[in-house]
Structure formats: C-alpha cells, structure tokens
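The values are calculated or read from the model by the stated rules, or taken from the named source; none is laboratory data. As the structure is a prediction and not an experimental result, all values here were calculated from the model. Here the Cβ positions follow ideal geometry from the backbone for every residue, glycine too, while neighbour counts run over all protein chains shown.
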C-alpha cells in the first residue's frame, strides 16, 4: 500500500511542478529540459514561452526561470514577454532542483522583426493629431 501512495504522490509532484515526459537535454541523465521551439514575432507582440522538464528519479521540486536576452526575465515554466526593439535574442530557460544541486540551462532564439510600414504597435491607441504647427501657409 505504501508503494502505491508514493507513486501517486510522485506523479502529483510531476504534474504540479511543470515537469513531464523526458525531453531533449540532461545533466548526467537526471534532469531533462526543453525550452520549446525558436520563435519569431513583431516588435510589441506578446511572445509566449512554455518550457518543460523531466526528472529520472525521486521526489523533487523544480524551479524554472527565463532570461529573455534583453535584460528582463521571469520565473515559472510558462512566461510571456514583449520585446521593444527588433533583433535576434538568445533566450535561456533554466531549471533547478535544489535538493540534488542540479541546474540545467537550454536556449532558444527569438527573432523580433520591425513593424511593417504604417502599422502601429499592438495596444497603441493614441491618436496622432495634426495641429498644423510647422506647416507652411496655403498658397
């Protein structure tokens, strides 16, 4: 009976922590980490990050952290971020299991494109007003 309870509690920890089935990289085969696929978006768009991990054995409490490559970051397996400048950003996803002193970081590339000509940044509801200042007088 105790073995069944232990397996159930381990499965619950896995589901609640954000870790699931085995992923791509690991630290001595103990921790597998997956930051997801590379992404492309426009300046001002919300980029969604969904990381995952798996642990080979044991009950653990993993912590996850994102470094968005532009001086900002966020904790958690899921995160969102809005880039304000075009460019290519290396985004680091780090999962740490303190009980085992294990930390694994994997990276993806996020490409942020400039807005197409004439398009306003998402959420920009400001109206441009023509006051006539700086214009020459009519003929």
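General remarks:
- Candidate set: region 18-41, residues that are buried (at least 18 other Cβ atoms within 10 Å of the Cβ) and assigned to a loop (DSSP other than H, G, I, E, B); chosen: the one modelled with the lowest pLDDT: 23
- Candidate set from region 42-73 (those that are within 8 Å of the chain's Cα centre (by Cα) and either without any contact (Cβ under 8 Å) to a residue 24 or more places away in the chain or assigned to a loop (DSSP other than H, G, I, E, B) (or both)); member that is nearest to residue 98 (Cα to Cα): 51
- Check on residue 85, more than 16 Å from residue 33 (Cβ to Cβ), modelled with pLDDT under 90 and surrounded by fewer than 19 Cβ atoms within 10 Å (Cβ to Cβ): no
- Qualifying residues in region 88-107 (those that are within 11 Å of the chain's Cα centre (by Cα) and under 10 Å from residue 64 (Cα atoms)) - the one surrounded by the fewest Cβ atoms within 10 Å (Cβ to Cβ): 94
- Qualifying residue in region 124-132 (condition: surrounded by 13 or more Cβ atoms within 10 Å (Cβ to Cβ) and modelled with pLDDT under 95): no
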